[in-house]
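FYI, it's all coordinate maths here, none of it is from the lab. Quantities reported herein were computed from a predicted structural model and do not represent experimental measurements. Please note: Cβ atoms are built from the backbone with ideal geometry, for glycine as well, and neighbour counts cover all protein chains shown.
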Amino acid sequence: MTLASTATLAIAEMREFAEFSACEQRYIKRSLDIGMSRCDAFKLWGRSEAENTAIRRQYVAYQDLKALRGLIPQEGTIGEIERFIGKLVRMAAFDLAQERISSFSAFRFLYERMLGPESRPYLPAAFCAAAALPLIRPQHRKTLLQSLSEAAATAPGWSNKSPSFYPEYVEEAEAA
């Protein structure tokens with residue numbers, strides 16, 4: 001990939017991220033910090049005891065993330081898919097139940113960074129399964145499921161290009 005195409009991809013990813021709500025942006029950045037072990041999320045994101053509790057719960061929910069990366073189906077067999085999707089839906093249900101993500105595009109943006117581009121074919125199924133669970137409030141469930149476009153649900157193929165933009169905490173923006 002040329003430098004120009006990498007830059008173009010990064011700009012497109014930045015534009016997509018900018019379209020998410022401030023709440024979604026904050027949750028994605030915090031989730032990447034926790035899921036990719038980029039920093040001590042308690043020090044960076046914990047502004048109250050309630051947030052520290054939420055961060056602690058997220059660390060627990062993400063404890064299988066490293067194993068999940070190794071379970072991404074390579075052959076596409078039912079056994080591989082079963083092992084991967086079960087854990088992925090459990091983690092996705094946790095994130096969606098927090099009500100900080102309100103669209104498939106924000107979910108996909110987060111998960112393709114945490115898991116890598118190989119996970120893309122499985123993200124619509126995991127999103128639908130998690131969003132349809134009874135632990136998701138009915139109104140939020142409706143919003144989530146309506147956010148999945150027909151094109152995303154029926155895509156004939158997925159890019160294998162790795163994401164190039166990984167949003168991070170910016171002190172001035174987060175303090176506001």
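Compute the relative contact order of the chain as a whole-number percentage, counting only Cα pairs closer than 8 Å that sit 6 or more residues apart in sequence. Please list the in-between numbers first.
On the way: 158 pairs, mean separation 47.0, N = 176.
That works out to 27 percent.
Could you tell me which trypsin sites (Lys or Arg not before Pro) in segment 13-77 are loop residues by DSSP with no more than 10 other beta carbons within 10 angstrom of their beta carbon? Don't jump to the answer; show the numbers that get you there.
On the way: sites: Arg15, Arg26, Lys29, Arg30, Arg38, Lys43, Arg47, Arg56, Arg57, Lys66, Arg69; in loops: Arg38, Arg47.
The qualifying sites are Arg47.
Filter the GluC sites (Glu not before Pro) in segment 86-176 to those in DSSP coil with at most 12 other Cβ atoms within 10 Å of their Cβ, and list the result.
Passing both the DSSP loop test and the Cβ count: Glu168.
For an R0 of 41 angstrom, estimate the FRET efficiency from the Cβ-Cβ distance between Phe42 and Gln139 and round to the nearest 0.05. Let's see the in-between values first.
Numbers: r = 31 Å, r/R0 = 0.76.
Approximately 0.85, to the nearest 0.05.
Which of Trp45, Trp158 has the fewest other C-beta atoms within 10 Å, and how do the rest follow up to the most? Write out the running numbers ahead of the final one.
Working: Trp45 22, Trp158 16.
The fewest-first ordering by Cβ neighbours comes to Trp158, Trp45.
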